[in-house]
Amino acid sequence: MDFDDLQLSASTLAALQEFKQEEEGRRKQFEELSNSAQADYDKMKAAEEDPEKAKEIFSIDNFQEDWGLSQFWYADSTADTYARTLFDGADTDTVICVVSAPSVYSAMRKIPRSSWPTEHVYLLEYDIRFKILAGDEHFFFFDYKAPENLPPILLGKVDRLLIDPPFLGEDCQVRCALTTRALLSGKASDKLISSTGQVTAKVMKQIYPECSITDFEPEHKNGLSNEFSCYASFECDAWKFVT
């Protein structure tokens, strides 16, 4: 039979048309959400220097967890510790990147902008709702399944990086490690934090030989049953290596 003689059934054509319409609908929804997030971000900037307003407006509690995306927000104390550790000792040239940990970026936004040591603070995240926290210039969509699909301006430029892989499986951890390697500058002064489940201990030693488990115990808001650990390439006031 010649391919030109092949014809799709009416039901198949209808299904294809429905699929195309759904795809177009998703594309438009993404654009609308993106534009809305930037508009809301511009409005929120007015609250940056008011500590009380900042705590309310930039609170992670304004965003409902999506367990289908494996979203579990850190307790405020944990997020604040991570945020302040990333800022500690940074200067105007320091580039900081938070990957798949929007509650940490939220904690950073609660800190008055005038107190930030650097403006080079970026959020890489799958959920575009969080563009409202970072704005167009500092938010980048990130999917761990495409670990090297990253913004060119950050490749090999990041000095401090915190990553919370969305899933505990080895495949996700390894892919996220590819992201980490692509982003970090490679300087001896780089600081790396991977906040993840204790069950990943074996693979963590393989993918991050420069990191050690610390005595800091990350906590979550809504009683996440998986016990978490903080792996880091450095010690600080907030934690020491477990020997």
Criterion (surrounded by 20 or more Cβ atoms within 10 Å (Cβ to Cβ) and of a type in the set (Gly, Ala, Ser)) met by exactly one of 134, 146, 182, 188: 134
Output the residue which, of all residues in region 191-219 that are surrounded by fewer than 17 Cβ atoms within 10 Å (Cβ to Cβ) and in contact (Cβ under 8 Å) with a residue 12 or more places away in the chain, is nearest to residue 101 (Cα to Cα). 219
Wholly inside region 1-111, helices (runs of 4 or more DSSP H) that include 3 or more residues that are surrounded by 12 or more Cβ atoms within 10 Å (Cβ to Cβ) and modelled with pLDDT under 95 are 10-44, 51-57
Take the residues of region 112-123 that are outside any loop (DSSP other than H, G, I, E, B) and touching a residue at least 40 places away in the same chain (Cβ under 8 Å): which is farthest from residue 52 (Cα to Cα)? 114
Matching residues in region 149-161 - criterion: being surrounded by 15 or more Cβ atoms within 10 Å (Cβ to Cβ) and either within 11 Å of the chain's Cα centre (by Cα) or of a type in the set (A, V, I, L, M) (or both): 150, 154, 158, 161
Does residue 165 qualify as being over 21 Å from residue 84 (Cβ atoms) and either touching a strand residue (DSSP E or B) at 6+ places or on another chain (Cβ under 8 Å) or of a type outside the set (S, T, N, Q) (or both)? yes
Taking the condition of being under 26 Å from residue 90 (Cα atoms) and out of contact with any helix residue (DSSP H, G or I) (no Cβ under 8 Å at 6 or more places or on another chain), how many residues in region 192-229 meet it? 6
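The values are calculated or read from the model by the stated rules, or taken from the named source; none is laboratory data. It should be emphasised that the depicted structure is a prediction, and the values quoted were computed from it without experimental measurement. Using ideal geometry, Cβ is built from the backbone for each residue, glycine included, and neighbour counts are taken over all protein chains shown.
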